[in-house]
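Below is one structure, written out as structure tokens, with a few remarks after it.
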Amino acid sequence: MRIDVVSIFPDYLAPLGLSLVGKAVAAGTLDLRVHDLRECTHDRHRTVDDTPYGGGPGMVMKPEPWGEALDAILDSAAGRPRLVVPTPSGRRFTQEVATELAVAEHLVFACGRYEGIDSRVMAHYADRFEVDEISIGDYVLAGGEAAVLVMVEALARLLPGVLGNPESVVDDSFAPGAMAALLEGPVYTKPPEWRGLAVPEVLLSGDHGRIAAWRREQALARTERFRPDLLGDGA
Ligand SMILES: Nc1ncccc1[N+](=O)[O-]
């Protein structure tokens with residue numbers, strides 16, 4: 001998979017060189033290219049934004065630098081990449097969306113800052129990109145870069161060979177499957193007792209049936225407490 005990220009703060013994406021995503025890049029599973037949008041400006045001030053037509057607060061990112069940046073990426077792209085635009089006004093990012101993105105051949109993330117990117121950019125590229133405006137949550141960040149870190153990490157761990165133990169994807173919170181709509185319950189590891197706190201004895205029993213039942217019970221309780229919306233009506 002190839003991933004391009006366009007941003008006026010390319011250094012913000014440096015964490016993608018670490019840990020799990022960094023390993024995927026080193027292994028060649030991910031071809032990650034980060035581009036500085038300002039390299040597509042040609043005025044003295046390297047201007048990327050201007051005041052919004054129709055008035056209103058803040059600034060809007062100008063279309064010209066985006067046109068130059070995205071044309072260059074398309075020139076070196078095979079096929080029709082998916083253009084992911086992180087925005088609070090997009091469709092909601094979920095584990096299902098992460099799974100969808102994880103099977104793409106080529107993702108291009110356009111990091112908007114300020115009030116967003118001139119809407120003509122998304123309209124102009126609708127035939128050459130599969131344009132996908134996605135929100136990671138109902139809050140307002142200063143730009144899309146943090147959202148790209150979130151989305152790339154969520155999809156990278158789904159790529160074959162990236163996670164040491166592919167099993168751990170199966171019982172993720174929100175992963176499709178038997179415990180699909182439940183939050184993961186508490187987890188424990190050695191030592192069996194720590195500062196007077198013992199690990200629940202069922203987990204040391206070796207009785208896999210009892211352990212599975214206990215885990216489901218804990219997952220249900222946690223889901224009822226933190227995310228009753230996941231339980232639907234009278235589940
Ligand atoms: N919530 C957001 N705020 C700003 C930019 C992008 C965002 N998002 O969710 O992708």
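The values are calculated or read from the model by the stated rules, or taken from the named source; none is laboratory data. These numbers were taken from a predicted model, which means no experiment stands behind them. Cβ coordinates were reconstructed from backbone atoms using ideal geometry, including for glycine residues, and neighbour counts include every protein chain displayed. Keep in mind that these areas ignore ligands, DNA and RNA; they rest on the heavy atoms of the full protein, side chains included. Shrake-Rupley method; radii C 1.70, N 1.55, O 1.52, S 1.80 Å.
Some observations on this one:
- Residue list for region 115-128, restricted to those being of a type outside the set (D, E, K, R) and more than 10 Å from the ligand (Cβ to nearest atom): Ile117, Ser119, Val121, Met122, Ala123, His124, Tyr125, Ala126
- Members of region 92-112 found to be within 13 Å of the ligand (Cβ to nearest atom), part of a strand (DSSP E or B) and either aliphatic (A, V, I, L, M) or buried (at least 16 other Cβ atoms within 10 Å of the Cβ) (or both), listed by number: Phe109, Ala110
- Enumeration of residues in region 118-127 that are part of a loop (DSSP other than H, G, I, E, B) and either of a type in the set (S, T, N, Q) or open to solvent by 30 Å² or more (accessible area, probe 1.4 Å) (or both): Ala126, Asp127
- Boolean, Val34 is within 16 Å of the ligand (Cβ to nearest atom) and open to solvent by 40 Å² or more (accessible area, probe 1.4 Å): no
- Of the criteria (1) open to solvent by 60 Å² or more (accessible area, probe 1.4 Å); (2) more than 10 Å from Asp118 (Cα to Cα), which one Glu64 fails: (2)
- In the set (1) outside any helix (DSSP H, G or I); (2) surrounded by 15 or more Cβ atoms within 10 Å (Cβ to Cβ); (3) of a type in the set (S, T, N, Q), Ser89 fails one condition alone, (2).
- The condition of being touching a residue at least 12 places away in the same chain (Cβ under 8 Å) and over 17 Å from the mean Cα position of the chain (by Cα) does not hold for Gly28.
- All of Val150, Val162, Val97 fail the test of being touching a residue at least 60 places away in the same chain (Cβ under 8 Å) and outside the structural domain of Arg225 (by TED's automatic domain parsing), apart from Val162.
- Tally of residues being charged (D, E, K, R) and in contact with a Pro (Cβ under 8 Å, 6 or more places away or on another chain) across region 182-221: 0
- Region 40-61, subset among the charged types (D, E, K, R) and without any contact (Cβ under 8 Å) to a residue 60 or more places away in the chain, residue most open to solvent (accessible area, probe 1.4 Å): Arg44
- Unique residue being surrounded by 12 or more Cβ atoms within 10 Å (Cβ to Cβ) and modelled with pLDDT of 95 or more when the list is Glu115, Glu130, Glu201: Glu130
- Qualifying positions in region 189-235 - part of a loop (DSSP other than H, G, I, E, B) and within 22 Å of Phe174 (Cα to Cα): Arg227, Gly232, Asp233, Gly234, Ala235
- Residues satisfying the stated conditions in region 129-171, i.e. part of a loop (DSSP other than H, G, I, E, B) and within 14 Å of the ligand (Cβ to nearest atom): Ile136, Gly137, Asp138, Tyr139, Val140, Leu141, Ala142, Gly144
- Scanning region 121-155 for residues that are of a type in the set (Lys, Arg) and in contact with a strand residue (DSSP E or B) (Cβ under 6 Å, 6 or more places away or on another chain) yields a total of 0.
- Complete set of residues in region 25-70 that are part of a strand (DSSP E or B) and of a type in the set (Lys, Arg): Arg33
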